[in-house]
Amino acid sequence: MSNPQQDHRSSASSFLKNSLELLQTSLRDQGRREARFVSLATLVGGEGSERHPAVRTVVMRQWESSPPLWRFHTDRRAAKAGEFAQNERVSAVFWDTVNQLQIRLDGIAGECGDAACIAETWHSLGDRAQQSFSRLEAPGEALDRPDALSFEKPSASESLTKGQLVSSNFMLVEVRVTSIDCLSLADDPHHRVKGEWVGGQWISKWVGP
């Protein structure tokens, strides 16, 4: 697969295309699991000085090219679920250490409504990861000590074991990407492209790094 550093002289659209191909490649590479970690920013609070950003790391589980979107999962009781319910606009940063490539993704976040996709993602999790969604204590809730956790016991009609029903606390989030910013630090001088998703295609341009 071509590298954006090698193709940077061709066009802004080629640079953008190859950057996204590298993102997809890194997600598929089992030897580079760290490449799936994405910094996600949401807005917290009301108007004016009360509003501030909140940033955390999530794991990018899926990427789709057209229309561009990516997915991650969370506990629906987590603060971030409420944050993008109040303000659906989010921003994320993906960093590719191998290729010295930063990709910023702005978009609209919401709960994925595709039942098949939700089930597929849930069943791809290990037993321990699935069990974490049955904790009675919500993420961020105060604890007396780190191991003071209790778990909900599934009823006969609601099993949380692998291959069975999806936990009601499990939430698959879908971010529809509206704009992108790709920066290559491997080039000298550094190369940067901005793109907007308009009319079913990327409209891209070179900008200063």
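For Thr57, indicate whether it is β-branched (Val, Ile, Thr) and surrounded by 16 or more Cβ atoms within 10 Å (Cβ to Cβ).
Taking the combined requirement at face value, the residue does not satisfy it.
Scanning region 89-126 for residues that are touching a Phe, Trp or Tyr at 6+ places or on another chain (Cβ under 8 Å) and not in a strand (DSSP E or B), which turns out nearest to Leu69 (Cα to Cα)?
Among residues in region 89-126 that are touching a Phe, Trp or Tyr at 6+ places or on another chain (Cβ under 8 Å) and not in a strand (DSSP E or B), the one nearest to Leu69 (Cα to Cα) is Ile118.
Can you pull out every residue in region 76-87 that is surrounded by fewer than 19 Cβ atoms within 10 Å (Cβ to Cβ), closer than 27 Å to Ser124 by Cα and over 14 Å from the mean Cα position of the chain (by Cα)?
Arg77, Ala78, Ala79, Gly82, Ala85
Take the residues of region 127-147 that are in contact (Cβ under 8 Å) with a residue 24 or more places away in the chain and part of a loop (DSSP other than H, G, I, E, B): which is nearest to Phe72 (Cα to Cα)?
The selected residue is Pro139.
Criterion first (in contact with a Leu (Cβ under 8 Å, 6 or more places away or on another chain), among the hydroxyl-bearing types (Ser, Thr, Tyr), part of a loop (DSSP other than H, G, I, E, B) and modelled with pLDDT under 95) does Ser159 satisfy it?
Considered against the rule, which asks whether it is in contact with a Leu (Cβ under 8 Å, 6 or more places away or on another chain), among the hydroxyl-bearing types (Ser, Thr, Tyr), part of a loop (DSSP other than H, G, I, E, B) and modelled with pLDDT under 95, Ser159 comes out as yes.
Leu43: touching a strand residue (DSSP E or B) at 6+ places or on another chain (Cβ under 9 Å), under 24 Å from Arg176 (Cα atoms) and without any contact (Cβ under 8 Å) to a residue 60 or more places away in the chain, yes or no?
yes
Give me the residue from region 33-72 that is of a type in the set (S, T, N, Q) and assigned to a strand (DSSP E or B) and, out of that set, farthest from the chain's Cα centre (by Cα).
Ser65
Give region 18-37 a look and list any residue that's of a type in the set (Lys, Arg) and surrounded by 20 or more Cβ atoms within 10 Å (Cβ to Cβ), or say none.
Answer for region 18-37, where residues must be of a type in the set (Lys, Arg) and surrounded by 20 or more Cβ atoms within 10 Å (Cβ to Cβ): there is none.
Mind listing whichever residues of region 134-156 are of a type in the set (A, V, I, L, M) and at pLDDT 75 or above?
Within region 134-156, Leu136, Ala138, Ala142, Leu143, Ala148, Leu149 meet the criteria.
Which one of the conditions (1) over 26 Å from Asn18 (Cβ atoms); (2) in contact with a Gly (Cβ under 9 Å, 6 or more places away or on another chain) does Asp75 fail to meet, given that it meets all the rest?
In the conditions (1) over 26 Å from Asn18 (Cβ atoms); (2) in contact with a Gly (Cβ under 9 Å, 6 or more places away or on another chain), Asp75 misses (2) alone.
The values are calculated or read from the model by the stated rules, or taken from the named source; none is laboratory data. Because the structure is predicted, anything quoted here is derived from the model rather than measured. Reconstructed Cβ throughout: ideal geometry from the backbone, glycine too, with neighbour counts over all protein chains shown.
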